[in-house]
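Down below is the structure, laid out as structure tokens.
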Amino acid sequence: MSKVRDIVELTRTNVVDADIGSNVQAFDGDIAKLDAAANFTGALQHSGSNVVVDTDIGSTVLAPNGSAANLTNLPVGGAEDFVASGTLPNGKPVILKANGQVEVVSGSGSSQSIPLGSESVYNSGTSYSNSFAFDPSNAGRFVVVYTDAGNSNYGTAIAGLISGSSISFGSEVVFNGSGAVDDPVVAFDPNTAGKFCVTYMDEGNSNAGAAIVGTMSGNSLSFGSEVVFQANSRGMQIAYDPNTANKLVIVCRDWASSAKGNAFVGTVSGTSISFGTKVVFATQNINQLGLAFDPSTANKFVVTYVDSTNSSYGKAIVGTVSGTGSSFGGSEYFNTGTTAYSDVAFDPSNANKCVIVFKDSGNSSYGTARVATVSGTGISFGAEVVFNAGNSPYPTVSFDPNRANKCVIACRDSGNSGYATVIEGTVSGTGISFGTEIVVNSASSNAINVLFDPNVSGKFLVTYTDAGNSNYGTAILGQFNTLQTNLTATNFLGTATAAYTNGQTASIMLKGGISDNQSSLTVGSTYYVQTNGTFATSAGTPSVIAGKAVSATSLLLNGLATPDEIPSQSSQSGKFLTTDGSAASWGTVPAAGMTLLSTVTASSSSTIDIETTFNSTYDTYAIYVTDLQMSGNGEFIKARLKLGGEYKQNGNSYSYHYQASHSNTASYLGAAAGSEAHIKITNGITSSTAEGGFDGLFYIQDPSNVRTNYRHRIMWQSVHVNNSNYVVTNSGAARHSGAGTGPMTGIRFFPSSGTFTKGTFRLYGISK
């Protein structure tokens, strides 16, 4: 198409035969063929062989110097040619495929339906501690385990089958009839069809932690023999390694040893199971555990728990299976407030990402979620997001393996009569957003669990104890929107300018162009691309702006950005422009000086652990201790470093030196040359609250250093009042005696005896 023709079409100017040679230059440029000049409304202008009148220049015709300042009706975009993939209807939105072809936006699927079908009772009696799991190898099949209060509190299991919106059950099978059980939990082996394992507390066997292997064949269940992995256990959780056949992990509280957190690796062979040596991942009293394997990284799992010895804060730790044993990195706080009922699940579509849910008793008991990222043996967290602004016990979370970044959370909504409630979440980066809460059981509900059906997109099952129906064990289905679409947040290209068939060269109107083959548009309204290939004034999922209506039939398009387009500067003050090689974005300049990373408060604490995932963001960390007070008079402060996943405490671990002086001019030294199981910080501290506590500043240099000969070290300065009522100033340094012990991931402070009764520990990162 010639430029002259382009301009004629754009300005909607039509030329007829009768005009040629009169008021329009003939195409052969022969001026002699023009009529008399009287036929023109203005003076003739000559440019090469073209003649136009004055009044045309700058309005409907370009001036000789190329100025188009006065031209009107010119779109800022235009059309380009692409190869059509499939049929392209005229005016419909299209996306750009990875192969450079274009196809029409399309989508199909079912709409949201919650509940889907009716409640199904699997135990017509009081049932407690319900747990269930899907068999990923058998579509629609699952197993529920529970404590059957109507049958001597025996451990009981039942097979279930989902067909459409209906649930049916087989016959109940008692897997432990020798005594009562508590806290039964079940998990299926994703690598062995029909194989599952149940762990529980066997009250008939001195509250031992036990496990038993089960087999499902249709609606029939059978079990092997019980295997005890630990005496006197509580709060078991179980998960199979999706990347290793017949391998699982059980975590629990060791009730015979101060409720410490223990982990056991189990290996299944047929209908039997064996366990490796226990590994202690938490030396303090813990409670309410969660457990999940990372499907994207072999042998990697995350444990969540409540740290009962430190104000019931929420903690998470990364574990790694190796053979029949496991190892752990440093634990991290995901909530520095009173926490209850933690649970965790990994996003199978987002490598190394998981979501932790919990009841945040430090924030009005709201149901809260946090996206976590696993890196090696460390874990970090995005911002806390409230999913239920009410008292929310028993939160559980499950990801849909068939829809990217989608999860469902279920809980008891105590702010709404204790109803069983679900809500859909969407993970994006390190954040999560939520839809609207939906009630699945309009009665008081307990022991709530939720899982997505791995074989049906968007479909999930909820089990609970229905207090509104005699505490019967009950199950119900739900269905979130399962629409499948080729539209993403970034692939909308434009609209087809005509109808095209597969393989044809298709002209596509791009960003900034006018799509003028629409209908019934509202002028001035913003329109969004819908997943079914239409336009609407409300955003779809994903939210993609199509453009703005400039007439009832015309849409000014807002398609793909050009590669060099600068993103919007709105609300980006103080940021800098960066790129990942394909698109520009705004970055934030790191704040200078010290950045507060975490705060830990002492309160009758026998130990204070300062732990974080040290990385390249900071090469120097500072711990500021304020008003640290002791339960005993004249006690002193000790410390240990966490290296290689453990706090080193053998008898030749540390060298240290400190020098102190006090207001009576006396000075004294403390030193040890690689012979101590701890670092001594200073001499005796008064227990008098009137005198204030210990204040100190600790520096940790390059904790992530893993050089072969490197020995990790700290230094400090402090002030306190001693047990003789003298003010003491102190400075010191220490190092771990072992070289090449790996990164330092924490430091533990503890008194020589008694507890820390008060004090605050603040961890800062110092910018490079």
Amide H within-cut-off set for residue 686, under 5 Å, with H built and near neighbours excluded: 634, 721, 722, 723
Under 5 Å, built H, 5+ apart or other chain: amide partners of residue 187: 197
Residues 482, 522 arranged by fewest to most Cβ contacts within 10 Å: 522, 482
Whether the chain is rounded, prolate or oblate, judged on the alpha carbon gyration tensor where a/c under 1.5 counts as rounded: oblate
From phi via Karplus (6.51, -1.76, 1.60), per-residue ³J(HN,Hα) for the range 187-198 in Hz, x at Gly/Pro: 8, 9, 7, x, 9, 9, 4, x, 9, 9, 9, 10
Per-residue ³J(HN,Hα) for the range 633-643, Karplus 6.51 cos²θ - 1.76 cosθ + 1.60, θ = phi - 60°, Hz, x for Gly and Pro: 7, x, 6, 10, 9, 10, 8, 9, 9, 9, 10
Fewest-first ranking of 370, 412, 234, using other Cβ atoms within 10 Å as the exposure measure: 234, 370, 412
Over the chain: helical MRE at 222 nm, DSSP H runs n ≥ 4 each giving -39500 (n - 2.57), nearest 500: -500 deg cm²/dmol
Straight-distance crosslink candidates among lysines, where the alpha carbon sits under 18 Å from residue 195 and sequence neighbours closer than 8 are dropped: 247
Three-way shape label, the range 246-373, alpha-carbon gyration tensor, a/c 1.5: oblate
Rel. contact order, % - alpha carbon contacts under 8 angstrom, at least six apart, the chain: 10 percent
For residue 746, residues with placed amide H under 5 Å, excluding near neighbours: 642
All lysines inside 30 Å of residue 511 as judged from Cα atoms, apart from same-chain residues fewer than 8 positions distant: 3, 92, 97, 548, 575
Straight-distance crosslink candidates among lysines, where the alpha carbon sits under 16 Å from residue 459 and sequence neighbours closer than 8 are dropped: 406
Relative contact order (percent, whole number), the range 419-508, Cα cutoff 8 Å, 6+ residue spacing: 18 percent
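Read the figures in this text as sums done on the coordinates, not as results from a lab. Nothing here was measured: the structure is a model prediction, and the numbers come from that model. When we count neighbours, we look across all protein chains shown, and the Cβ atoms used for this are built from the backbone with ideal geometry, even at glycine.
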